[in-house]
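Report on the structure given below.
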Amino acid sequence: MKTTRLIILGLGGVGRSLLEQILEFRSYQAQRYGLRLEPCLLCDSGTCLAQPQGGLSEEQLRQVLSHKLSGGSLKDLPDTSSWEPPLEAVRRLAQTGWVVVDCTASDATAEPLIEALSKGAGVVLANKKPLTADQETYDRLTRPRSGSGLPASRWETTVGSGVPVIATLNRLMASGDEIEKIEGATSGTLGRLMTGLQQGLPFSQIIRQAHREGATEPDPREDLAGQDAARKALILARGMGLKLDMKDVEVESLFPHQMSDGGVEAFLEALPRLDDSYRQRCEKASRSGRVLRYSVEVSPRRVRVGTVETPLESPLGRLQGADNLVQFTTRCFTPTPLVLQGRGAGVRATASGVLGDILELA
Ligand SMILES: NC(=O)c1ccc[n+]([C@@H]2O[C@H](COP(=O)([O-])OP(=O)(O)OC[C@H]3O[C@@H](n4cnc5c(N)ncnc54)[C@H](OP(=O)(O)O)[C@@H]3O)[C@@H](O)[C@H]2O)c1
């Protein structure tokens, strides 16, 4: 039986679901691949729990899962003998035969991940921030291993969550196909907003409802400002070989910058001011058989995220709710683009994509 040791950074929704799936599929992976995934180091923002020899026991893993689910911090757990600062522990342990998995939303993980790669470990990222730092950091994280066309890192879930957008992009690039344009809707929250507008619902009502249900970030401005979509656009652009930074991505925010200040409740109360303009934009689009979508557009000429009017009968126009869609127009896929579509968010689908990345590296 081959053993792959894991370091998991981040025990929020994605990190916990990953741990659950590792336990759930253990006997399946043993039978099918002769493989055992052994979580040896788990970290949250405060500290970490390590058991480098033999891995953390199933009992310890279940205890961590229920403790983190109830909102606790790892440092509150009784066994304090094995604590050390998270990123230091990564530096100490990562080596060949290990995979470091970044399920944080932190921008502090890039250096330890690069160090882990240099020591021969594999790296899996659900976290977009290291890949959208400067170009050099991206290059060091994604550089092919010497003697192999493939890097020792995977970042499939950073765009489209469980939909295999990055694998498709990498295959198109590897085959030498020329990518003219990548377009699509990569935000479940903004997808839901756009279909709500199409149904005639007021902008403010859709956002309030989604916020109440926990379907937006705690501050919905984080979704509406388009920054998350911009990070995905940059990852796609860099995957196409373009040398760009975040400042090169044109971003359309869905609210005026005067509404950036102040608390969340004040923002939600001010939202009805935007209802009329969105209603008018949707009506105008509808008169020409089009609908409004929040789209990513990546080409050698332009990298942009923002609203577009698209024909109702196009793949993007037919998209509903929180689903994601990404389409590649390439020298081979012309005039009909290659279209990927599916559920684009949710911690289980994301963690399942992360697990797939780990298995590719194990
Ligand atoms: N949710 C989705 O559907 C989805 C889809 C695709 C990609 N992603 C990406 O996946 C990542 C995780 O998402 P999530 O929803 O699980 O986020 P989350 O619930 O906010 O969890 C983040 C976790 O990271 C930990 N953390 C923060 N800084 C850290 C550090 N420096 N070292 C170690 N741990 C640190 C936090 O610790 P504490 O517990 O101590 O706060 C927390 O456990 C994000 O980057 C997100 O953008 C999510």
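The values are calculated or read from the model by the stated rules, or taken from the named source; none is laboratory data. Source: prediction; values computed, not measured. Note that each Cβ is placed from the backbone with ideal geometry, even for glycine, and that neighbours are counted across all protein chains shown. For accessibility, only protein heavy atoms count, side chains too; no ligands or nucleic acids. Shrake-Rupley method; radii C 1.70, N 1.55, O 1.52, S 1.80 Å.
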Next item on the list: Kindly indicate whether any position in the stretch 263-277 is within 19 Å of the chain's Cα centre (by Cα) and either aliphatic (A, V, I, L, M) or surrounded by fewer than 19 Cβ atoms within 10 Å (Cβ to Cβ) (or both).
Entry: no
Notebook entry, point to check: helices (runs of 4 or more DSSP H) wholly in the stretch 71-190 with at least 3 residues that are not assigned by TED's automatic domain parsing to the domain that holds SER45 - which ones?
Noted result: 165-175
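Please verify whether LEU93 is within 27 Å of MET1 (Cα to Cα) and modelled with pLDDT under 95, treating the condition exactly as stated.
When the stated conditions are applied, LEU93 passes them.
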Next item on the list: Output yes when any residue across the stretch 191-199 is of a type in the set (Lys, Arg), outside any helix (DSSP H, G or I) and either in the same structural domain as VAL303 (by TED's automatic domain parsing) or closer than 28 Å to ASP139 by Cβ (or both), and no when none is.
Entry: no
Notebook entry, point to check: Does the stretch 309-344 hold any residues that are farther than 21 Å from ALA285 by Cβ and small (Gly, Ala, Ser), and which are they?
Noted result: GLY342, GLY344
Next item on the list: Taking the options LEU244, LEU169, LEU193, name whichever one is more than 15 Å from the ligand (Cβ to nearest atom), open to solvent by less than 10 Å² (accessible area, probe 1.4 Å) and out of contact with any Gly (no Cβ under 8 Å at 6 or more places or on another chain).
Entry: LEU193
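Name every residue in the stretch 97-106 that is more than 9 Å from the ligand (Cβ to nearest atom) and modelled with pLDDT under 95, in order of residue number. Break it down stepwise before answering.
Residues of the stretch 97-106 that are more than 9 Å from the ligand (Cβ to nearest atom), as a first pass: 97-101.
Matches in the stretch 97-106: GLY97 only.
Every residue, every condition in (1) at pLDDT below 95; (2) more than 9 Å from the ligand (Cβ to nearest atom); (3) in a strand (DSSP E or B), yes or no:
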{"position": "LEU6", "(1), (2), (3)": "no, yes, yes"}
{"position": "LEU11", "(1), (2), (3)": "no, no, no"}
{"position": "SER17", "(1), (2), (3)": "no, no, no"}
{"position": "GLN21", "(1), (2), (3)": "no, yes, no"}
{"position": "TYR28", "(1), (2), (3)": "no, yes, no"}
{"position": "PRO39", "(1), (2), (3)": "no, yes, yes"}
{"position": "SER45", "(1), (2), (3)": "yes, no, no"}
Note to self: If I filter the stretch 86-102 for residues that are buried (at least 16 other Cβ atoms within 10 Å of the Cβ) and either over 27 Å from THR132 (Cβ atoms) or of a type in the set (D, E, K, R) (or both), do I get at least one hit?
What the structure shows: yes
Note to self: Based on this model, can you work out whether VAL124 counts as of a type in the set (Val, Ile, Thr), out of contact with any Phe, Trp or Tyr (no Cβ under 8 Å at 6 or more places or on another chain) and within 16 Å of the ligand (Cβ to nearest atom)?
What the structure shows: no
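Give me the residue from the stretch 127-143 that is among the basic types (Lys, Arg) and away from the ligand (no atom under 11 Å from the Cβ) and, out of that set, most open to solvent (accessible area, probe 1.4 Å). First the steps, then the outcome.
Just the residues of the stretch 127-143 that are among the basic types (Lys, Arg), to begin with: 128-129, 140, 143.
Those still in the list that are away from the ligand (no atom under 11 Å from the Cβ) too: 140, 143.
Values: ARG140: 86, ARG143: 141 Å².
By that ranking, first place goes to ARG143.
Being over 15 Å from the mean Cα position of the chain (by Cα) and within 16 Å of the ligand (Cβ to nearest atom) narrows it down to one of LEU340, LEU312, so name that one.
Numbers: LEU312 fails: within 16 Å of the ligand (Cβ to nearest atom).
LEU340 is the lone residue from the list that is over 15 Å from the mean Cα position of the chain (by Cα) and within 16 Å of the ligand (Cβ to nearest atom).
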Item checked: Close pairs (7 angstrom Cβ cut-off, 6 or more residues apart or separate chains): among the charged types (D, E, K, R) in the stretch 152-179, open to solvent by 50 Å² or more (accessible area, probe 1.4 Å) and within 16 Å of the ligand (Cβ to nearest atom) anywhere -> GLU156/PRO164
